[in-house]
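The values are calculated or read from the model by the stated rules, or taken from the named source; none is laboratory data. Keep in mind that what you see is a predicted model, and the values were worked out from it rather than measured. In this analysis, Cβ positions are derived from the backbone assuming ideal geometry, glycine residues included, and neighbour counts consider all displayed protein chains. With ligands, DNA and RNA removed, areas are computed over all heavy atoms of the protein, side chains included. Shrake-Rupley method; radii C 1.70, N 1.55, O 1.52, S 1.80 Å.
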Amino acid sequence: MTDSGVPIAMLKTRASATGKSRTGGSRRTAAVFVSVAADVFGVLLAFTIAYQVYTWSIRYGIYDQTLAESTTPYVAIACFFSAMVVLVFWNLGMYAERASLLNLWEVRTALKGLVLTSAFFFAALFLLNLHFSRFVIIGSIALASVLVVLERRLLSFIAGELKVHNRVGKRILIYGCGETGRLVMKKIVQAPHLGSTVVGFLDDRMPEGSPMTCRLSQSGSAFIVPVLGNLDRLGVVTKNYDIDELLVTGPSTTTERLRHILDLARDCDVKVGVVPDLGGVRVDQLKVDDLSAIPILRPYPFRARRGYSVAKRVFDVIGAVVMGVVTSPIWIVAAVLIRWDSPGSVLFRQERVGLRGKRFRIFKFRTMRADTDPYAPSPDGDSDTRITRVGWLLRSVGLDELPQILNVIHGEMSLVGPRPEMPFMVNGYTPLDRTRLIAKPGITGLWQISADRHAQIHENIEYDLYYLNHRSFLLDLLILLETCFVTLELGFKAARRRGRAGVREPVSTRPSGALKAAVSHRLPDPYLLMAISKRHAASDVESWRAWMSVVEAVSGRWPVKIAVPAEEASTMNGILRQSRRQLEIRGSRVSCVPYANAKELRSLAVGAE
């Protein structure tokens, strides 16, 4: 089970060791070697910098000490500390294939490993009666903590880029395009250290070539893979795309069906993982307990540790006051620019729902025109015409949220927590959605720093559920640290976009090689895209059938994609099958393509006529 809560390997099988498995093993060995080398380099660099600063301060009289005659003892002790770091990291599972939400487990474990290593290191120095400069030792350990986290982030970025282009990683095929299948895809794609890449999907209901998407970053591109066929094509797809593992999702995996899948996988020499589907229970809300070698699935408990709420409130007040003082120049500059750019109030006020359903007024810097309805749908991107010029700048780096420091001081919000939503959204919450209200809402949180930041909150509830399941003071600190990194990254990218083009760039897409091949083979460019909204009444199905005559007319000139909500895909496919029998609709030129949200619908518009 991954740290993000998705049990993607509940059942595994492998027929025999082959050249493919050896290739996967060599890729994994290379990845481990790179990780170990990067950790050693970071530690040695920290000792080198600390020792150079130490010698420089002695030579210039800042530090009153005698400079050592030889650097050999410090080189030896640096190598000893590096070896200890590798051993501790290995024991903590830092070099194993593991996915965690936004890599938070990796950062937390790296800091924990450095603390343990430091304790063992000081104990060894004491027992061996070795004496070194405290400035060098303490400075090296502190600097190593920063460098190891940074080099791990750099490796994650590089691994993610290589995985997007299908150049590295274990190649995974997912069976089932439902909610669970798409969630598993997102977890794999957004976890570079898992060492896996999604090649495509198999599904018995979706048309071959249908694209499945997920976001890679807040300002980056979307990752797209195709449906490569149904289960009967497992052998062909495995051979053509060099598949290493098949992940089975969906409610249709009965005992007999699962046995059939295992037999097919064994014949194709493919490793299998089964993701359980328990109806209305989300798979990322289950954990695995071991009862005498028998796995038991249990739901995560939604409770915080004792004393956490008190410590969090104290930290919120102190942190909010400090942030207010430090960012006060930004408040002044933002206020002047907002009033200069457009008439209206500097602050934007809106009613939101907080802890246990209590309503409060949230504060933000105004980023849209003053006559904009405060309860209108939020902009899908920075290209919305309601956003002012200064508002675009504030939204690009998240500085429009700064006035919520006032809400934190007043006790309505926290520095870290679930994002508060408007009352009409909360009125439509499911019982699972309402669990977000058991914690005080926050200025920042996991969703705010995730790749799905610009999607709807209720469409990506897994971030808030993970936070509620794992609340701790350390997790709050890690989220605040990651927020700083994300803010700097967004600011840099916004400045680069503005300086390069002077216009707001749309989010791009990165189709995989499999999708390029499938689309080029199945759907010539250009094509006509017809988008169907969510069905609110059974009578709407008749209007869908009425449109089939239009589809028949235009399919003679262009290929047609009919985009429908994912939950309506089976209904539309049934209409298409019936219409093909009654009309002369060209089956190869008309297909039903599901979408889960507005972002996926926009990605389908790429290439449309």
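Going by what's in this entry, would residue 110 be described as open to solvent by 50 Å² or more (accessible area, probe 1.4 Å) and either farther than 16 Å from residue 39 by Cα or modelled with pLDDT of 85 or more (or both)?
When the stated conditions are applied, residue 110 does not pass them.
Restricting to segment 281-295, name every residue that is at pLDDT 75 or above and either touching a Pro at 6+ places or on another chain (Cβ under 7 Å) or surrounded by fewer than 10 Cβ atoms within 10 Å (Cβ to Cβ) (or both).
Within segment 281-295, 286, 288, 289, 290, 291, 294 meet the criteria.
Looking at segment 214-248, which of the residues that are of a type in the set (S, T, N, Q) and at pLDDT 80 or above is surrounded by the fewest Cβ atoms within 10 Å (Cβ to Cβ)?
240
So, residue 85, is that one at pLDDT below 90 and closer than 23 Å to residue 477 by Cβ or not?
no
Could you list, in sequence order, all residues of segment 345-375 that are closer than 18 Å to residue 405 by Cα and among the acidic types (Asp, Glu)?
351
All but one of (1) buried (at least 18 other Cβ atoms within 10 Å of the Cβ); (2) under 30 Å from residue 178 (Cα atoms); (3) in contact with a strand residue (DSSP E or B) (Cβ under 9 Å, 6 or more places away or on another chain) hold for residue 316; state the number of the condition that does not hold.
(2)
Look through segment 455-507, keep the residues that are acidic (Asp, Glu) and buried (at least 20 other Cβ atoms within 10 Å of the Cβ), and return whichever of them is modelled with the lowest pLDDT. First the steps, then the outcome.
Quick first cut of segment 455-507, residues acidic (Asp, Glu) only: 459, 462, 464, 476, 482, 489, 505.
Keeping just the survivors that are buried (at least 20 other Cβ atoms within 10 Å of the Cβ) gives 462, 464, 476, 482.
Numbers: 462: 80, 464: 86, 476: 89, 482: 84.
Residue satisfying both the conditions and the ranking: 462.
What tally of residues in segment 28-81 results from selecting those that are over 20 Å from residue 142 (Cβ atoms) and not acidic (Asp, Glu)? Break it down stepwise before answering.
Restricting attention to segment 28-81, the residues satisfying the condition of being over 20 Å from residue 142 (Cβ atoms) are 28-37, 59-61, 64, 66-73, 76.
Imposing the further condition that a residue be not acidic (Asp, Glu) reduces the set to 28-37, 59-61, 66-68, 70-73, 76.
Result for segment 28-81: 21.
Tell me which of these residue 430 doesn't satisfy, since it passes every other one: (1) modelled with pLDDT under 85; (2) touching a helix residue (DSSP H, G or I) at 6+ places or on another chain (Cβ under 6 Å); (3) assigned to a loop (DSSP other than H, G, I, E, B).
(2)
Tell me the residue from 91, 103 that is loosely packed, with under 15 Cβ neighbours inside 10 Å and either within 24 Å of residue 149 (Cβ to Cβ) or under 28 Å from the mean Cα position of the chain (by Cα) (or both), please.
Checking each option against the conditions leaves just 91.
Keeping to segment 233-271, report how many residues are assigned to a loop (DSSP other than H, G, I, E, B) and of a type in the set (D, E, K, R).
Final tally of qualifying residues: 3.
Do any residues in segment 354-373 that are free of Cβ contacts under 8 Å to residues at least 40 places away in the same chain have Cβ atoms under 7 Å from those of residues that are open to solvent by 90 Å² or more (accessible area, probe 1.4 Å) and not in a strand (DSSP E or B), where the two are at least six apart or on different chains, and which pairs are they?
If the second residue must be open to solvent by 90 Å² or more (accessible area, probe 1.4 Å) and not in a strand (DSSP E or B), the pairs left are 370/343.
When residue 132 is evaluated against the numbered criteria (1) touching a helix residue (DSSP H, G or I) at 6+ places or on another chain (Cβ under 8 Å); (2) in a helix (DSSP H, G or I), which criterion, by number, is the only one it fails?
Of everything listed in (1) touching a helix residue (DSSP H, G or I) at 6+ places or on another chain (Cβ under 8 Å); (2) in a helix (DSSP H, G or I), residue 132 misses just condition (2).
Residue by residue, here is whether (1) part of a helix (DSSP H, G or I); (2) at pLDDT below 85; (3) in contact with a helix residue (DSSP H, G or I) (Cβ under 9 Å, 6 or more places away or on another chain); (4) buried (at least 22 other Cβ atoms within 10 Å of the Cβ) holds:
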position: 116; (1), (2), (3), (4): yes, no, yes, no
position: 120; (1), (2), (3), (4): yes, no, yes, no
position: 124; (1), (2), (3), (4): yes, no, yes, no
position: 145; (1), (2), (3), (4): yes, no, yes, no
position: 148; (1), (2), (3), (4): yes, no, yes, yes
position: 153; (1), (2), (3), (4): yes, yes, yes, no
position: 167; (1), (2), (3), (4): no, yes, yes, no
position: 180; (1), (2), (3), (4): yes, yes, yes, yes
position: 187; (1), (2), (3), (4): yes, yes, yes, yes
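Which one of these is within 23 Å of residue 470 (Cα to Cα), at pLDDT below 90 and within 26 Å of the chain's Cα centre (by Cα): 303, 395?
303
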